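The structure under discussion appears below in the form of structure tokens.
The values are calculated or read from the model by the stated rules, or taken from the named source; none is laboratory data. Quantities reported herein were computed from a predicted structural model and do not represent experimental measurements. No Cβ is skipped: glycine too gets one built from the backbone with ideal geometry, and neighbour counts run over all protein chains shown. Ligands, DNA and RNA are excluded from the accessible area calculation, which covers all protein heavy atoms including side chains. Shrake-Rupley method; radii C 1.70, N 1.55, O 1.52, S 1.80 Å.
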Amino acid sequence: MAGRFVNEGLIGRPGSRGKLQTPALVLDLDAFERNVAAMAEHCTRNGMKLRPHAKTHKSVAIAKKQIAAGAVGQCCAKLGEAEAMGEGGIESLLITSPVVTEGAIMRLMALNARVADLMVAVDNPQNAEALAGAAKAAGKKLKVLVDLDPGLHRTGIAPGEPVLSLGRQVHASEWLELRGLQCYAGHVMHIEDFVQRREQSLAAMKVLGETRDAFRAAGLPVDIVSGGGTGSFNIDPEAKVLTELQGGSYIFMDKQYNDVHVGNGAPIPFETSLFVQMSVVSNNTKNLATTDAGFKAFSTDAEAPMLLSGAPEGSAYFFFGDEQGGIALPQGASLLLGAALTAITPHCDPTVNLYDAYHVVRGDTLVDIWPVEARGKSA
Ligand code: PLP
Ligand code: MN
């Protein structure tokens, strides 16, 4: 590992947080640990299991911390992410997106041979047939969750006869093992108004509950009903449908989620733990400073990053190109060359995917560096 990360010489040095070479992804370990514990406690209290989504963090170290706190395993968005988690020794994995192409199905079978408890979401009869054929050829059964469309139409199969028929097909297949259902209502997570978010979440959960009941009535096993996210964590328990929660972002709490006010005015047990630290690299213009963090340092699908520290009150970050960010300063204010600034990420998952590592801090000290093993593993 020696020489792998530019900041590794700073590990353990008091005050090293302010000296990081930047841009750097920074994880506040105290806040992170509180988030991990709070979601584990929330699920236990509500009689649900927790299978956090690795799409958010893409890190084996983080997956292990979540599992040590009680999570049953990890969700993975993509096969590559699951391979990275499997490589890191995570034993129970659910791939939440369809695995369809021939090459990918071959990799899936190889992973199925290595991982003790691998499951994949399926939303298409043709795909189920292809997976069954590949599992037969590989000589090991593949565990499947049938993915129900919550109305977003991104993935998932329609409720009613289509989902039931797919369930029957999977259950009848000698080489597939039906474990239950998945349904992720991605379109409700960021609805700002709590009443609407609750209404739409519960509507999706109602259809899911009816689907579960129809499966049971048809003699189809439904041991697992997996879904839910950070935006519905305080709504899902009420529906009493999910057996496991797939929350991802709760460990970091990005600007997008902070803006949604997930708790509807009431405090929630999650706080921002993930930041990007940047440095002033040019300051020749009045009321303006340029930092080293631009489009390559933050995801750009959400609003601009929110400045948290290092800049005077009233300063605002704006994207200033691939490599740079601008800090619009209040009249008469300036920033020193090399000054360190901290921002909250606009959207955590795609921001993490831009970095090789987390700079793990306790207070002002860099205490560790955790690689983002599944960075870029979108295939
Ligand atoms: N489950 C699935 C299938 C997802 O796609 C996502 C995120 O997009 C999550 C869970 C995690 O959701 P969140 O980050 O809102 O907690
Ligand atoms: Mn996200």
*If you go through region 166-197 one residue at a time, how many are of a type in the set (A, V, I, L, M), under 23 Å from residue 98 (Cα atoms) and surrounded by fewer than 18 Cβ atoms within 10 Å (Cβ to Cβ)?*
1
_Could you check region 198-219 and list, in sequence order, the residues that are buried (at least 20 other Cβ atoms within 10 Å of the Cβ) and either in contact (Cβ under 8 Å) with a residue 40 or more places away in the chain or not assigned by TED's automatic domain parsing to the domain that holds residue 179 (or both)?_
204, 207, 208, 211, 215
_region 95-126, residues that are closer than 21 Å to residue 377 by Cβ and among the polar types (S, T, N, Q)_ = 96, 97, 101, 112
*Scan region 150-194 residue by residue and report those that are over 20 Å from the mean Cα position of the chain (by Cα) and in contact (Cβ under 8 Å) with a residue 60 or more places away in the chain.*
179, 180, 194
*Subset of region 204-236 [under 23 Å from residue 256 (Cα atoms) and assigned to a helix (DSSP H, G or I)]*: 204, 230, 231, 232, 236
*For region 221-245, what are the residues that are open to solvent by 10 Å² or more (accessible area, probe 1.4 Å) and either among the charged types (D, E, K, R) or under 15 Å from residue 92 (Cα atoms) (or both)?*
223, 224, 238, 240
*Could you check how many residues of region 23-53 are closer than 22 Å to residue 267 by Cβ and either at pLDDT below 95 or open to solvent by 50 Å² or more (accessible area, probe 1.4 Å) (or both)?*
8
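Take residue 185 and tell me if it is in contact with a strand residue (DSSP E or B) (Cβ under 9 Å, 6 or more places away or on another chain), closer than 26 Å to residue 55 by Cα and away from ligand 2 (no atom under 16 Å from the Cβ). Before you say what the answer is, go through the steps one by one.
Details: in contact with a strand residue (DSSP E or B) (Cβ under 9 Å, 6 or more places away or on another chain): yes; closer than 26 Å to residue 55 by Cα: yes; away from ligand 2 (no atom under 16 Å from the Cβ): no.
No, not satisfied.
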*Of all residues making up region 90-141, the number that are farther than 18 Å from residue 179 by Cβ, among the β-branched types (Val, Ile, Thr) and open to solvent by less than 40 Å² (accessible area, probe 1.4 Å)*: 1
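Might you check whether a residue that is surrounded by fewer than 18 Cβ atoms within 10 Å (Cβ to Cβ) and in a loop (DSSP other than H, G, I, E, B) occurs anywhere in region 269-276?
Within region 269-276, the subset surrounded by fewer than 18 Cβ atoms within 10 Å (Cβ to Cβ) is 269, 271.
When the remaining residues are screened for being in a loop (DSSP other than H, G, I, E, B), the result is 269, 271.
So far as region 269-276 goes, yes, one or more of its residues are surrounded by fewer than 18 Cβ atoms within 10 Å (Cβ to Cβ) and in a loop (DSSP other than H, G, I, E, B).
If you scan region 52-74, which residues turn out to be away from ligand 2 (no atom under 16 Å from the Cβ) and either out of contact with any Gly (no Cβ under 8 Å at 6 or more places or on another chain) or not β-branched (Val, Ile, Thr) (or both)?
Start the filter on region 52-74 by keeping residues that are away from ligand 2 (no atom under 16 Å from the Cβ), which leaves 60-61, 63-73.
Within region 52-74, 61, 63, 64, 65, 66, 68, 69, 70, 71, 72, 73 qualify.
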*Would you point out which residue out of 282, 299, 249 is surrounded by fewer than 16 Cβ atoms within 10 Å (Cβ to Cβ), touching a Ser or Thr at 6+ places or on another chain (Cβ under 8 Å) and at pLDDT 95 or above?*
282
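Identify, please: which residue in region 252-273 is away from ligand 2 (no atom under 12 Å from the Cβ) and of a type in the set (A, V, I, L, M, F, W, C) and is, among those, nearest to residue 229 (Cα to Cα)? Steps first, please.
Of region 252-273, the ones away from ligand 2 (no atom under 12 Å from the Cβ) are 258-259, 261-273.
Add one more test, that the residue is of a type in the set (A, V, I, L, M, F, W, C), and what stays is 262, 266, 268, 270.
Numbers: 262: 11, 266: 18, 268: 14, 270: 13 Å.
Restricting to residues being away from ligand 2 (no atom under 12 Å from the Cβ) and of a type in the set (A, V, I, L, M, F, W, C), the top hit is 262.
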